[in-house]
Amino acid sequence: MTTAPSQPASLAPVRVLWAKVDTGFWVAHRGGEYFGCVDAVAGGFVARDAHGVPIGRYDSLDAAKSSLRSTTHPANTSRRRALDRAALVAATALGGSALALGLTAGALAPYL
C-alpha cells in the first residue's frame, strides 16, 4: 500500500508589527526581523525599506506604512537596481584606482 506524500501546511502571511520608537519615527518588524521604518518630515512621511532605501514620500502615516508591503513595486525595484549599479560603478572605480596606485608604488619601490 502506498501513501500520498504529506502536503506542507499553508503558511499564514507574517504580520508586520509597528513600534513608535521616537516622536515622528516608527519601526516595522516582520517575522522578528527589521522590515523598515517611517519618519515624519515636514509635510508628510517618508518610508524606508529594510535596507534604508527610501520607498517614497506620503501624505498620511497609513499610506507610508502600507508602502512597505509594496517594496517589490517596479518603481522601487528599478530605484534599488539603480542604487546598486551606482555602488558597483563606484566600487570598481575605487578598486581600479587602488590597483593603479599599488602597481605604481611597486614599480617605484626599487628606486627609493
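The values are calculated or read from the model by the stated rules, or taken from the named source; none is laboratory data. None of the values given here were measured: they were computed from a predicted structure. Because the Cβ atoms are built from the backbone with ideal geometry, glycine has one as well, and the counts that use them run over all protein chains shown.
Return a yes/no flag: does the range 82-94 have any residue that is within 19 Å of Trp18 (Cβ to Cβ), loosely packed, with under 12 Cβ neighbours inside 10 Å and modelled with pLDDT under 90. Scanning the range 82-94 turns up no residue that is within 19 Å of Trp18 (Cβ to Cβ), loosely packed, with under 12 Cβ neighbours inside 10 Å and modelled with pLDDT under 90. For Thr71, indicate whether it is modelled with pLDDT of 90 or more and among the hydroxyl-bearing types (Ser, Thr, Tyr). Taking the combined requirement at face value, the residue does not satisfy it. Apart from one condition, Ala19 fits all of (1) outside any loop (DSSP other than H, G, I, E, B); (2) modelled with pLDDT under 85; the exception is (2).
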